[in-house]
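Okay, so here's the structure we're looking at.
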Amino acid sequence: MEDLPSRELQKIRENVGDKVNLRMTRKTLLRLALAASGRKSASKLVEHVDEGMPALLLSELDSFELWQLLKENMSESPAKPGQKAPFDIIIPAGPTSFAPGPILGELGDVGIKAGINAGKIEIKEDSLVVKEGEEINEKLSAILSRLNIRPMKMGLNLIVSLEDETLFLRKTLDVDSEEYAKDLGKSYSDAVKLAYGVGIINKVTAKLLLQKAETDAMKLAYSQSILTDKVKDLLLVKANADATKLTGEIGK
C-alpha cells in the first residue's frame, strides 16, 4: 500500500470487484488479529506486518491467481528518490539518444559503464544499478527518468500469502504462467517419450506400445513368411512378385 495514491486504490478496488476483500487497519491491531486468529500459520504473517504500509487481502482465489490479478491491475511509474527498488534494476547495454556531454559522467556516477560511439553515448554492458529492496537515490532516479525507465509498479504489492497452512512469498508466486504452461507441456512430452522408449506401460503409453508391438510382430511375420491375418495379403503379393521374377529369369 506504500506510495499508492487513493485514486489508484479506488480504481483497483473497482477492477477486482468482489474477488478481493481489502481490509486496512493499524499495524498493532493487525498483529493482534493475526496472532489471535486461531490459524496455526497466521502468526507467521506477523513477521511481515512492518514491511511498508500493510493491508489484508481476503479472497477465494488461490495465491497464484490472486497475485496474477493484482499484477494485471498495476501500472508503471517513474522511480522517486527514497523509494525501494521492487526488483533488481538492470540497465541494458545498447545505444542511447544522448549526445556526448555531462550525462556521460552522470551515468558513471550511478554505476553505468558508457562510452561514445558514432557521435552518441552508448551503454557498454548490462549494468545493475540497484538491487531489490535497496533505496533509489536522487541521482539514480534522475538517470532512470532520462532513460525513460519506469521501474515502479503502482498497485497492491503482495508481500506474502497464506493459503490453508502454506505460506507463499511473492517471489514464489511471481511466475510467467504462459512460460510455465509451455515448460509443463514439454516436460509431459519428454516423459511420454522416455516411457515409450524404455517400454514403461501406463494409461498414456499403453496404446502406443501396443501399436508398436503389433507393427514389430507384423515385420517379423513378414520377414519369416509366417502366414497371419495381418500379413497374408502382403506375403501373397511378395510371392507373386517373386514368381514373376523367377519366370522371367527362366525364360531367358
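Below is a table of values for the structure above.
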{"quantity": "Within a Gaussian network of the chain (alpha carbon springs, distance under 10 Å), most fluctuating of 226, 159, 12", "calculated": "226"}
{"quantity": "Spatially near lysine pairs across region 180-251, Cα under 19 Å, sequence gap of 8 or more or different chains", "calculated": "13"}
{"quantity": "Loop-located trypsin sites (Lys or Arg not before Pro) in region 135-238, at most 10 other Cβ atoms within 10 Å (DSSP)", "calculated": "203"}
{"quantity": "The chain, helix-only ellipticity at 222 nm - DSSP H runs n ≥ 4, -39,500 (n - 2.57), divided by all residues, nearest 500", "calculated": "-13500 deg cm²/dmol"}
{"quantity": "Loop sites in region 1-82: GluC sites (Glu not before Pro), DSSP, at most 16 other Cβ within 10 Å", "calculated": "2, 51, 60"}
{"quantity": "Derived scalar couplings ³J(HN,Hα) [region 120-136; Karplus, 6.51 cos²θ - 1.76 cosθ + 1.60; whole Hz; x for Gly, Pro]", "calculated": "10, 6, 10, 7, 6, 8, 4, 10, 7, 9, 7, 8, 3, x, 7, 7, 8"}
{"quantity": "Extension gain (nm, one decimal) between residue 208 and residue 247, 0.36 nm per residue minus Cα-Cα", "calculated": "9.8 nm"}
{"quantity": "Exposure proxy order (Cβ contacts within 10 Å, fewest to most) of 28, 205", "calculated": "28, 205"}
{"quantity": "Distance from region 140-163 to region 187-228 (C-alpha centre basis), Å", "calculated": "54 Å"}
{"quantity": "Fluctuation leader among 92, 151, 102 - the chain, Gaussian network, Cα springs under 10 angstrom", "calculated": "102"}
{"quantity": "Rg to Rh quotient for the chain, alpha carbon positions, Kirkwood Rh", "calculated": "1.32"}
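Quick note: the coordinates plus some simple rules give every number you see, no bench work behind them. Source: prediction; values computed, not measured. Neighbour counts run over all protein chains shown; Cβ positions are idealised from the backbone, glycine included.
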